[in-house]
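The values are calculated or read from the model by the stated rules, or taken from the named source; none is laboratory data. All values reported here derive from a predicted model rather than from experimental measurement. As a convention, Cβ positions derive from the backbone with ideal geometry for all residues, glycine included, and neighbour counts pool all protein chains shown. The accessibility values were calculated without ligands, DNA or RNA, using every heavy atom of the protein model including side chains. Shrake-Rupley method; radii C 1.70, N 1.55, O 1.52, S 1.80 Å.
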Amino acid sequence: MSTDTETAAPAVAKHPEITSWPYEFALSKPLTVGQDTVQFLSLQEPTAADAFKFGLLTGLAADQVRGLVASLAVTPPPVIDKISAVDIIILATRLSRFFNQAAA
């Protein structure tokens, strides 16, 4: 007989930090893009060009997220538009935290 603690899935950190690049982000549900199924986004490390292009020197605002995620994931913005709202909020939060730590 097993107990709940023996069968429960390990706790997932609610707010894991981005600590290495490329950063692999598992989508909460897969997307179908053409004939492909996308289950994760692989974000490349932001460069100085990204910081200038997306105005990241003053922080990460909501209107910067779509373009930044699309650029770092080398994925067209219309595909980014299809991921769940929860996923984009999580990504925005993690990216914002990454840039805030870099500025500290």
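Each residue in region 29-68 was checked for being within 15 Å of Leu91 (Cβ to Cβ), assigned to a helix (DSSP H, G or I) and touching a Leu at 6+ places or on another chain (Cβ under 8 Å), and 5 pass.
Taking each residue of region 80-104 that is of a type in the set (D, E, K, R) and looking for partners that are at pLDDT below 95 and surrounded by 12 or more Cβ atoms within 10 Å (Cβ to Cβ) with beta-carbon atoms closer than 7 Å, six or more apart or interchain, yields Lys82/Leu31; Arg94/Ile18.
Suppose the filter is modelled with pLDDT under 95, open to solvent by less than 30 Å² (accessible area, probe 1.4 Å) and touching a Phe, Trp or Tyr at 6+ places or on another chain (Cβ under 8 Å); does Leu56 pass it? Let's see the steps before the verdict.
On the way: modelled with pLDDT under 95: yes; open to solvent by less than 30 Å² (accessible area, probe 1.4 Å): yes; touching a Phe, Trp or Tyr at 6+ places or on another chain (Cβ under 8 Å): yes.
Judged against the criteria, Leu56 is a match.
Among the residues that make up region 34-41, is at least one of them on the phi > 0 side of the Ramachandran plot and of a type in the set (A, V, I, L, M, F, W, C)? Scanning region 34-41, I find no residue that is on the phi > 0 side of the Ramachandran plot and of a type in the set (A, V, I, L, M, F, W, C), so the answer is no. Within region 74-97, being open to solvent by 60 Å² or more (accessible area, probe 1.4 Å) and in a loop (DSSP other than H, G, I, E, B) holds for Val74, Pro76, Asp81, Lys82.
Within region 12-53, the only residue that satisfies the criterion of being in contact (Cβ under 8 Å) with a residue 40 or more places away in the chain, open to solvent by 90 Å² or more (accessible area, probe 1.4 Å) and charged (D, E, K, R) is Lys29.
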